[in-house]
Every structure is written in C-alpha cells, then in structure tokens.
1. Please count how many residues of segment 108-151 are in contact (Cβ under 8 Å) with a residue 60 or more places away in the chain and farther than 27 Å from Leu333 by Cα.
2. Kindly provide the set of residues from segment 293-307 that are open to solvent by 30 Å² or more (accessible area, probe 1.4 Å) and modelled with pLDDT under 90, ordered by number.
3. Which residue pairs have Cβ atoms under 6 Å apart, sit 6 or more places apart or on different chains, and have a first residue in segment 155-184 that is open to solvent by 60 Å² or more (accessible area, probe 1.4 Å) and a second that is part of a helix (DSSP H, G or I) and of a type outside the set (A, V, I, L, M)?
4. Restricting attention to segment 198-249, which residues are under 20 Å from the mean Cα position of the chain (by Cα), within 23 Å of Ile309 (Cα to Cα) and open to solvent by 60 Å² or more (accessible area, probe 1.4 Å)?
5. With a cut-off of at least 1 residues that are farther than 25 Å from Ala42 by Cα, out of contact with any Pro (no Cβ under 9 Å at 6 or more places or on another chain) and hydroxyl-bearing (Ser, Thr, Tyr), name the helices (runs of 4 or more DSSP H) lying wholly within segment 248-347.
6. I need a count of the residues in segment 94-122 that are open to solvent by less than 60 Å² (accessible area, probe 1.4 Å) and either under 19 Å from Val282 (Cβ atoms) or part of a helix (DSSP H, G or I) (or both).
7. Check Leu15, Leu5, Leu41, Leu9 and return the single one that is assigned to a helix (DSSP H, G or I) and farther than 19 Å from Ala214 by Cα.
Amino acid sequence: MNLRLFFSLVGGSFLLAAFAHYFTESEMFQFITAAICVVFLAAWLGKSTESVAHYAGDRIGGFLNATFGNAAELIIAFFLVKEGLFEMVKASITGAIIGNMLLVLGLSVLMGGLKFKEQKFNSKLAGHNASLMTLAIVALFIPAVFMRELPPVKIETLSIVIAVLLIIAYILWLIFSMITHSDFLTDIEEHDSEAVWSKGISILMLGISTVFVAIVSEWLVHGVQHVSESLGWSELFVGAFVIAIIGNAAEHSAALLLAMKGRIGAAVEIAIGSSLQIALFVAPTLVLVSLLIGKPMDIVFTAYELAAIGVATFITISITKDGATNWFEGVLLLTVYIILGTAFFFA
C-alpha cells in the first residue's frame, strides 16, 4: 500500500475516533471507531517495528515491539487499578499472556506456514523461553495455594516479594539474552528485507505510533465496559479476551507481517517475548504501582486464570521446543485459544 494512502487512513481513523470520543454520546459508536483506529495504528506500529528490526536485528526488534506493544496493556491496566477493578486487571493480564502465546503466535505460525513449508528459529531461545514461562506459572501458582492459609496482610507481603523477584529475574534475563549470551540466541538464518524508513525515522515512528495506540486504547476501554454490559458478557471474559485482544493488536500486526516474510524468529520473539514481559514485568509492576496509589492489589489469580496460563504454556512449549514451525502447529495453538475463549465465555 502507498505510504501516503496508508497514513491518510491512519489519520482519518484517528480523527473519527477522536470525534466519536469527545463529541458524541453513543458508547457503541465510540467503541467501533476506536476499534477500527486501533487496527490501523497497529499496522503502523508493525511497519515501524519491522523497519527497526532491519537495523537492530530480530531479537532487539522483537523486544522493542513487545515493549512498545505492551505499553497499551500497561496503561489500560493502570486505569483499571486506579478504579479498583482488580479482578478485571488480573483477567486482562491472563488474557494478554495466553493471547500472545496462542492467538498471536498461532496466527503467525499459520500464515507463515501457508507460505513457507517450514520455518526455523533458534531452539536455544525456545528452551529459555520455556523455563521463564515455567517460572511465571510457579510464581503465580504459589500465592493461590497459600491464600487460604495466610491472612490478607501476609498475602499482600508475599505478593510484593514475588513481584520484586520476578522483576529482578526479568532484568537479569535481558542482560543474559542481549549482552552476555546474545551470540547464542541470535536467529539461525539472516533474512534480507527493505527498511521502510531510515534508522532514526524508524525509531521515531515506533515511539509516535505507540503513543497513539495507548491513547486510542484508553478510549476503547470505556466503550468496552458499556458494550460488555449491553451484551451481558462477564467481567472475566471481557478482561481475558476482549480487552486483551484489543491490547494485543500491535503484536498481532507486527508478528503476522514478519512471519509472512519468513522471519519467524522475530515473530516468536514478539509473541512469546510479550507474554514473558507481561508475566515477569507488567503484572509485578502493577502490584507495586497499586501500593503507590493507595489501593494494594495482590498477585493471587483464580483457578480459571491459572489453568488457562498453564495450558497455554504447555502447548506453546510443546510446539516451539524443536525450533521449527509449520502451518498445522498454528492451527493447534488457535484451537486451544478458541477452547479457552469458549470456556471463559460460559464461566
């Protein structure tokens, strides 16, 4: 698509969403226009990430996309924490984790597999990702097990300790994967691609598009709450799937674009890297932030949420452990996602 036409569509959709948000009272109309705008903004963010990855490599490019893409989730969750909607926050965290591993990765593997018979990436990276997700499950599982035995004050303290440890573990992982052992975790194959913009412009575009994604995501959350009430959807389903899918729009676009160009390593880094960042950094950060605003949130997740994260992690590890993907494995991931979505809808 011509860049001038593309940015005309982005700008037009943003102006329409802004008009609906500030000058109309129809929350359904606000939701629809904001959702359309997020799709175009996600495509912009995807192009920016692909261009940055051309200069920085798939590892750093994928990390940047996961980080900037998760900015929307973090901002949305912050407003929910501020409103004291802790259950919806935890549901949205759950949905973001399983959405990235099952929906984003599943679509990327499927669409990339339809074009390429088999796509390979670094199996050592897959192994480390599996270990980190196992750590996240253990950290989320422990508070849920002990919550019946410990008083609320001690649960809060346990949540803080776990949050701090997870953040430290994530920071050390970044040092390990990008500094001390970066040569072991690079992609197996190099892929030639044309950068859309220069290095400086690519970084600028990545930052600007992220800001707009965050702004429109906040608008969309207000509409989601009204739409969910109108349609009779549960808070668990809204948080785990509706809000999560909206927040993951940036990762969807970027991962799909890269996978369809044969760069499955970057797509895996975006999808799984984003899940790791949410589990090991975003969720613990929200626990600590809640203390600062005087509304402490614990890290105790429900049995439904833990089961969903555990199942998603199990199937993702099973599929990615060999460092190769095909279209059928994408179907398997999407099937599990649909099963979980149906279960959450009726829960």
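1. 2
2. Ile293, Gly294, Lys295, Pro296, Asp298, Thr302, Ala303, Tyr304
3. So the pair list comes out as Phe184/Lys124.
4. Once the filter is applied, which keeps residues that are under 20 Å from the mean Cα position of the chain (by Cα), within 23 Å of Ile309 (Cα to Cα) and open to solvent by 60 Å² or more (accessible area, probe 1.4 Å), segment 198-249 yields Glu235, Ile245.
5. Numbers: elements: 249-259, 264-277, 283-292, 303-320, 327-346.
Ranges flagged: 303-320, 327-346.
6. Step one: list which residues in segment 94-122 are open to solvent by less than 60 Å² (accessible area, probe 1.4 Å), which gives 94-110, 112-113, 119, 121-122.
With either under 19 Å from Val282 (Cβ atoms) or part of a helix (DSSP H, G or I) (or both) added as a condition, the list becomes 94-110, 112-113.
Result for segment 94-122: 19.
7. Numbers: Leu15 fails: farther than 19 Å from Ala214 by Cα; Leu41 fails: farther than 19 Å from Ala214 by Cα; Leu9 fails: farther than 19 Å from Ala214 by Cα.
Residue meeting the stated conditions: Leu5.
The rows are residues; the columns are (1) more than 19 Å from Ala96 (Cα to Cα); (2) loosely packed, with under 14 Cβ neighbours inside 10 Å.
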site: Ile309; (1), (2): no, no
site: Ala312; (1), (2): no, no
site: Ser318; (1), (2): yes, yes
site: Lys321; (1), (2): yes, yes
site: Ala324; (1), (2): yes, no
site: Gly330; (1), (2): no, no
site: Thr335; (1), (2): no, yes
site: Ile338; (1), (2): no, yes
site: Thr342; (1), (2): no, yes
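The values are calculated or read from the model by the stated rules, or taken from the named source; none is laboratory data. Computed from a predicted structure; not experimentally measured. Neighbour counts run over all protein chains shown; Cβ positions are idealised from the backbone, glycine included. In case anyone asks, the SASA skips ligands and DNA or RNA and just uses the protein heavy atoms, side chains included. Shrake-Rupley method; radii C 1.70, N 1.55, O 1.52, S 1.80 Å.
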